[in-house]
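Presented below is the structure to which this report refers.
Taken together, the values in this text are just the output of simple stated rules run on the coordinates, not laboratory data. Values in this document were obtained by computation on a predicted structure and should not be read as measured data. When we count neighbours, we look across all protein chains shown, and the Cβ atoms used for this are built from the backbone with ideal geometry, even at glycine.
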Amino acid sequence: MDRTRAREIVDTWMFPTEKKSYMGGLEDRPILASSIGSTVVDTDGKEYLDFQSGQMGAALGHQHPRIVKAITETMKKLLHASNAMLNVPRLKLHERLGKLLPRPLQKSLFLVSGSDAIEAAADLARKATGGLDVIGLHVGLHGSTSYLTRSLSFAWKRSKHSLVAPATSAILAPHCYRCPLGLTYPKCEIQCLKTSLELADANFTSTPAAFIGEPILSAGGVIVPPPSYYRALQAELKRRNMLMIFDESQTGLGKTGKMFGFQHEEGVTPDIITISKHFGGGLPISAVCTTSEIAERAVRNGYFATRSHATDPLLCAAGEESLNIVVEEDMPARAARIEARVRKALAEMAGEFELIGDVRGRGVLLGVEFVTDRQKKTAANAEVQQIATYCLDKGLIFQLRGTQGDLNVVRLVPPMVTTDAEIERAMSILRDAVQIVSRNARGASQAAE
């Protein structure tokens, strides 16, 4: 399809995109036609290294042959089924996931999207505790397709929505590079948590039910909480009889170098987790996982969550095979090896270019924050846009993220099947981009003087 025809379709039939969102301007970007592994190809035949893993759903690689085979075989037998009856792929997925979960997590239910799972997890916590209030981190993001999930996605600024859910509020995220309290870890003794919970206690509208957060705050700028943060938070939650929900959509199933992102902090045991994205190898399926005790208590209180396609055999078969791939192809170890190579390249760039202020993340979820001044940490929004434009032109795709409206963080999420050669090529393109933009910035500064 040529661009003229595509533009006609966009202008005539497609809902317009919100220009300030990450989807804004997509009509001017490459139109994708095919994909394989870590590469996507546009309608002109140009290849791109996909260092955003699609919408993070291709972390196992585009068109993974085992996923394709599982889908093909299943759709010949049983494509859709009533969720009021059991089907074989569903049962097999419950068992496979249950055996993979760290104890005491054991029980699971399936939905279609990450946003679905978050809404169901929050309702689960409310039914299990009898509480109502749910708190989340102020740069967290947990979906946008439901009244509740968009109300808990503080990174997107709730003011853009006409109405938000009651009994939802934010606490300060532990963003050590840009501490909202102006303190330094570890001398701060995690003061952000103490201050936040004191305010939360004052603002609760009823008995609190849960906290929801990400092991790494991905859309908020790839923020990694400091060691012991979540352990301290869990202790405070237990004092208030609140449950801990981890949104593992962007961190689970190998991407951080461990099976689940929360496993990087010893002693942390969430009560509920959600998974989606590459769970299903690219097909839309998500899961809510919890303990047997919490599941049974919630159901006694009337808990119920499903969607028309939530337990479709096709989706469940893809989900089971995605878990098999993660384990049998050792995706956590692959993610850790990719991280080591990417970090080495980024460290070299940071030593050469002042624009790089911070490098953070784990596994194949990494962020590079760019600043115009390392002391003031002034967000280099314009420079990062130039870097992204150059990289796209040279065949490297990634997304931009940040906090409080800034888009100065390059988020790199290569598929876990990315080869060493592909990593080297991507880092070469990124380095060239940073070098050119840095040179231009110095030239403009000197001219201004």
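Given 10 °C and 1.306 mPa s, compute D for the chain with the Stokes-Einstein relation, Rh being the Kirkwood radius over Cα pairs; round to the nearest whole µm²/s. For these conditions, the coefficient is 70 µm²/s. Each of Leu283, Leu152 has some number of other Cβ atoms within 10 Å of its Cβ, and from fewest to most they run Leu283, Leu152. A straight line joining the Cα centroids of the range 139-190 and the range 265-334 runs 24 Å. Of the trypsin sites (Lys or Arg not before Pro) found in the range 95-170, those in coil by DSSP whose Cβ has at most 11 other Cβ atoms within 10 Å are Lys157. Cβ-to-Cβ counts within 10 Å put Ser206, Ser228 in ascending order as Ser206, Ser228, the fewest first. Highest mean packing comes first when the peptides 29-36, 402-409, 360-367 are listed by Cβ atoms within 10 Å, giving 360-367, 402-409, 29-36. Spatially, the range 387-441 and the range 191-240 are offset by 31 Å when compared through their Cα centroids.
Taking the DSSP beta bridges with both ends in the chain, the antiparallel portion is around 65 percent.
Partners of Lys255 within straight-line reach, counting lysines whose Cα lies under 20 Å from its Cα and excluding those fewer than 8 residues away in the same chain: Lys99, Lys277, Lys344. Looking at the range 363-449, the trypsin sites (Lys or Arg not before Pro) that sit in a DSSP loop and have at most 14 other Cβ atoms within 10 Å of their own Cβ are Arg374, Lys376. For Lys20, the aspartates and glutamates whose Cα falls under 12 Å of its own Cα, not counting residues fewer than eight places away in the same chain, are Asp406. All distinct Cα pairs of the range 65-328 go into the 1/r average, and the inverse of that average, the Kirkwood radius, is 18.8 Å. The magnitude of the dipole of the range 65-328, with charges of +1 and -1 set on the Cβ of Lys/Arg and Asp/Glu and taken from the Cα centre, is near 260 debye.
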